[in-house]
Amino acid sequence: MSSVRSSGDVEAVGRLGDARARIEQEVAKVIIGQKEVVEQVLICLLAHGHALLIGVPGLAKTMLVNTLARVLDLSFNRVQFTPDLMPSDITGTEIIEEDATTRRRGFRFVEGPVFANVVLADEINRTPPKTQAALLQAMQEYHVTVAGRTYALPTPFFVLATQNPIELEGTYPLPEAQLDRFMFSVFVDYPSPDEEMEIVKSTTSAYVPDLTRVLSAGEIAELQGLVRRVPVADEVIAYAVRLAGATRPSSETSPQFVRDWVSWGAGPRASQYLILGAKTRAMLDGRYTPSVDDVRAVARPVMRHRIVTNFAAEAENVKPDAIVRRLVEEL
């Protein structure tokens, strides 16, 4: 298996460390605070994954994604998910078109908003499962099929979906199998009082940020390939597998509190994403191989949406996030 050994790869890791500082600096011109959210979204993008952003309205989730796309010089489309949204509204559709010269009619494919480097699926749980499945298929296969023809999506292709955790009336929650397609589940929390003062100052003035592009689509695609070549020690992989396995109540190694509170634990995809997230985090820090601490750092966004709690946990108000935090502390 190839790894980061060539001088070109070593230089690329060094450049990425410099680029990270510039990306955070540019994003900070628009987004006040939320450094952990920015880091997790960036890790997810470079690891060739997709992210689910969970937060109440008004926390600049859309602005964050749009700003990051501009800084990385990526095309961006936003889709507002509604109960009447159809799969073709996302993937695109064929229309009948007449040639002005020959007067012959034929079908022409009109691309939908999914044909962009960064797609923001706003309030994905507000649309029926059929439309959700159309987007999630594109996330998994990186192409769409319309009328028997297959169309490749742009490279890189990155989906960020948002969910409002408060208002659940009239929504279609994503099934666990579809939630598993998202690499990270990212919580967007309220800003601190000082950060909120800065937000109010900047958004109620005539200030218009001048953003500088840091990376291009081609460079991001190269970095995504570089992540796969980062070497990982066997003990780090063993820790990731052990951590994911400890969430499964049927496992002999799972703690008693997991057996008491969990119905279903994280599958093998969690172990894969733990390692990919750890690799990317190490690269962003300018390191050439991840450690156990990198796995611990990405454990909560990787596994919080992959754990299904039982009635006992709901009765005691125990959330999956708290279970993952306790597992990381005890392992």
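The length gained by stretching the chain between Glu195 and Asn164 to full extension, at 0.36 nm per residue less their Cα-Cα distance, is 9.0 nm. Paramagnetic label reach from Leu211 (point 7 Å along Cα→Cβ; backbone nitrogen cut-off under 17 Å): within the range 118-137, residues 118-122. Note that the chain carries a Kirkwood radius of 21.4 Å, evaluated over its alpha carbons pair by pair.
For the pair the range 216-244 and the range 41-93, the centres of their Cα atoms are 23 angstrom apart. Counting only lysines at least 8 places from Lys279 when in the same chain, those with an alpha carbon closer than 20 Å to its own are Lys35.
In a reduced charge model with +1 at each Lys and Arg Cβ and -1 at each Asp and Glu Cβ, the chain shows a dipole moment near 720 debye about its Cα centre.
Using 0.36 nm per residue and subtracting the Cα-Cα separation, the extra length available between Ile96 and Asn66 on full extension is 7.5 nm. Pairs Lys61/Lys201; Lys61/Lys130; Lys29/Lys130: which exceed 28 Å Cα-Cα? Among Lys61/Lys201; Lys61/Lys130; Lys29/Lys130, the Cα-Cα distance tops 28 Å for Lys29/Lys130. Span-like helix check, the chain: qualifying full DSSP H segments, with Cα axial length of 20 Å or more and mean Kyte-Doolittle of 0.0 or more, are 268-284.
Here is how the number arises for the chain: DSSP H runs of 4 or more residues each give -39500 (n - 2.57), the sum is divided by the residue count, and the result at 222 nm is -14000 deg cm²/dmol.
Taken together, the values in this text are just the output of simple stated rules run on the coordinates, not laboratory data. Note that the structure is a prediction, hence the values are computed from the model and not measured. With ideal geometry, Cβ positions are generated from the backbone for all residues, glycine too; neighbour counts draw on all protein chains shown.
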